[in-house]
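Structure, as structure tokens:
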Amino acid sequence: MPADTAAPAADLARYRLGFHVAPERGWLNDPNGLCQFRGNYHAFFQYNPKWPDFDTKYWRHFVSTDLFHWHDEGTALMTDIPEDRSGVYSGSAYVARGMAPDGGDLMCLYYTGNVVYPGGEAAGYDYVHSGREANEILVTSADGIEYSMKHVLLRNADYPTVCTEHVRDPKAWEQNGMLYMLLGARDLDDEGFCLLYESADGVEWAIKSQIYSKNQFGYMWECPNIVQIDGHDFLAVCPQGLEHEKLRRQNMWQAGYFPLPGSILDTVLVDEQTFVEWDHGYDFYAPQVFVDDAGRTILIGWMGAFDGEWTAAPRGLDWCHCLTVPRELSVGADGLLRQQPVAELEALRGEHQTLKLGETAEFDAYRADIEVSGISGAGALTLDDALEISYADGLLTVRFHDQDVAAGRPERSVPLNTLDDLRVVVDTSAVEIYANGGAEVFSTRWFPTGEKMAVCHTFEAATAEAWPLEDAMAHAFA
Ligand code: FRU
């Protein structure tokens, strides 16, 4: 079905996702407030219920016990104070242990209240240096259902004077008995950078440092995050305004991390040459990281983009975008991060199938977990002859053969010395591709049209296996 052709509602229902978080209706962007709180996993996200019409952003709220069976809890944070009147923008959760009135844990949500003054250029606003506000706000909850009053913690006048009015997306965490908060920012010279704040109580915040790159690396850094695993610190940011290159930085805006030589708390300068992209897209931005009660560091990204070049919702679909599956992060031997779907995904697996080289396997539904391991040399794996993942001449390539299915996504490659293994997770209209234990990842939407999914590969490999996956979202909106 061509992306710009409206299809009957029944045909569009096939694109509803089986284990990726997506709204029943409306638009989703960044994941927000990710946490495990009093046993449950909570995922909030940026939400515009009126999409494709314009509306401000709210936080929609999903809850799960296993990171795959999610339930939609409705809209949690609305725009109801002057300081967030143009949008409850992105932010994070910090779980304060034993700080609730009942002695249990308290969910502390830090977010940016966005304010855009009306009047536009006519009123003399450029919306960078004038015409807007970015307020950092705290809301708490003892049960994940009822929320406290909103406390405005920081306003534009509180930020260092180098800041423009673009300061947002607080990431709060605890370290050595203190609380820290990263904010993404744009300075007066159009350089992206981070602010690091410190607090003893989570309410009064003092600036600790400004973190810049050695050379200008985009005009704005959005959605900063911290990853701390086995004594290694990584600063994650989303720089806007980087040049696109043939084999990297191909999304409209980028999302990645800097491996830090020391602690984030002592960092004031990062080397932009060390920046590693999380995911080569097409649909990936603004990921957020949290640590769960088992101590796992888990990343969830927005599986979408602001790019208008491709269609993330074929005409007639009344919801747009999803979150990636939760990915456990680990540090590889090269000191860089690896991403793998959390182990709970395996609980959705049905009957095991062996994929024979060159033979087509069929799946009744477009939901499968495919693993090819011990790969030697070149080869390809295709889904429906429409989406091909190939390795040849030192390049790992994701290529769409059928532009109707691709909805505008053409072809992308990354350099790779050898391809050892490939994992492809398909969920109706979402595909996530993990190569070499998650060293390289691609996440893309697609809109297949077949009755059954055909999978075929041509790799010389030790094992090639696949499992159909359960529809874990069947009761998400009940
Ligand atoms: C990133 C972003 C954030 C902002 C939010 C608004 O995608 O632009 O910086 O808080 O989206 O929806």
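General remarks:
- Close pairs from region 82-108: first touching a residue at least 12 places away in the same chain (Cβ under 8 Å), partner open to solvent by 60 Å² or more (accessible area, probe 1.4 Å) and not in a strand (DSSP E or B), Cβ under 8 Å, at least 6 apart: GLU83/ARG155; VAL88/MET78; GLY104/ARG38; ASP105/ARG38; ASP105/ARG97; ASP105/MET99; LEU106/MET99
- Test: residue in region 355-366 that is open to solvent by less than 10 Å² (accessible area, probe 1.4 Å), within 27 Å of the chain's Cα centre (by Cα) and either modelled with pLDDT under 95 or of a type outside the set (Ser, Thr, Tyr) (or both): no
- Selection from region 455-478 of residues that are surrounded by fewer than 21 Cβ atoms within 10 Å (Cβ to Cβ) and under 28 Å from the mean Cα position of the chain (by Cα): GLU465, TRP467, PRO468, GLU470, ASP471, ALA474, HIS475, PHE477, ALA478
- Selected residue (criterion: farthest from TRP221 (Cα to Cα)) from residues of region 282-291 that are away from the ligand (no atom under 12 Å from the Cβ) and open to solvent by 10 Å² or more (accessible area, probe 1.4 Å): VAL291
- Whichever residue in region 244-271 is of a type in the set (Gly, Ala, Ser) and in a loop (DSSP other than H, G, I, E, B) and, among such residues, is nearest to the ligand (Cβ to nearest atom): ALA255
- Any hit, region 15-25, residues being in contact with a strand residue (DSSP E or B) (Cβ under 7 Å, 6 or more places away or on another chain), away from the ligand (no atom under 12 Å from the Cβ) and free of Cβ contacts under 8 Å to residues at least 60 places away in the same chain: no
- When region 78-131 is limited to residues that are assigned to a loop (DSSP other than H, G, I, E, B) and among the hydrophobic types (A, V, I, L, M, F, W, C), the one that is farthest from PHE37 (Cα to Cα) turns out to be VAL128.
- Search result, residues across region 406-446 that are among the charged types (D, E, K, R), open to solvent by less than 10 Å² (accessible area, probe 1.4 Å) and either in contact with a Pro (Cβ under 8 Å, 6 or more places away or on another chain) or not in a strand (DSSP E or B) (or both): ARG409, GLU432
- Flag if THR449 is surrounded by fewer than 21 Cβ atoms within 10 Å (Cβ to Cβ), of a type in the set (S, T, N, Q) and either in contact (Cβ under 8 Å) with a residue 24 or more places away in the chain or assigned to a loop (DSSP other than H, G, I, E, B) (or both): yes
- Residue satisfying all of: in region 38-91; acidic (Asp, Glu) and within 12 Å of the ligand (Cβ to nearest atom); most open to solvent (accessible area, probe 1.4 Å) among these: ASP55
- ILE137 meets each of the listed conditions (1) closer than 21 Å to TYR212 by Cα; (2) within 14 Å of the ligand (Cβ to nearest atom); (3) not aromatic (Phe, Trp, Tyr) apart from (1).
- Region 139-148, subset open to solvent by 10 Å² or more (accessible area, probe 1.4 Å) and either in contact with a strand residue (DSSP E or B) (Cβ under 7 Å, 6 or more places away or on another chain) or in a strand (DSSP E or B) (or both), residue nearest to TRP173 (Cα to Cα): THR140
Here is a yes/no grid of residues against (1) modelled with pLDDT under 95; (2) not in a loop (DSSP other than H, G, I, E, B):
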| site | (1), (2) |
| --- | --- |
| THR5 | yes, no |
| PHE19 | no, no |
| CYS35 | no, yes |
| GLN46 | no, yes |
| PRO52 | yes, no |
| TRP59 | no, yes |
| ALA76 | no, yes |
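- The listed residue being touching a strand residue (DSSP E or B) at 6+ places or on another chain (Cβ under 8 Å), within 16 Å of the ligand (Cβ to nearest atom) and among the β-branched types (Val, Ile, Thr), out of THR297, THR324: THR324
- Counted residues, region 300-313 - those being away from the ligand (no atom under 13 Å from the Cβ) and part of a loop (DSSP other than H, G, I, E, B): 6
- Test: residue in region 342-363 that is assigned to a loop (DSSP other than H, G, I, E, B), within 25 Å of GLU470 (Cα to Cα) and among the aliphatic types (A, V, I, L, M): yes
The values are calculated or read from the model by the stated rules, or taken from the named source; none is laboratory data. Owing to the predicted nature of the structure, the values given are computational and were not obtained by experimental measurement. Cβ: placed from backbone, ideal geometry, glycine included. Neighbour counts: every protein chain shown. For accessibility, only protein heavy atoms count, side chains too; no ligands or nucleic acids. Shrake-Rupley method; radii C 1.70, N 1.55, O 1.52, S 1.80 Å.
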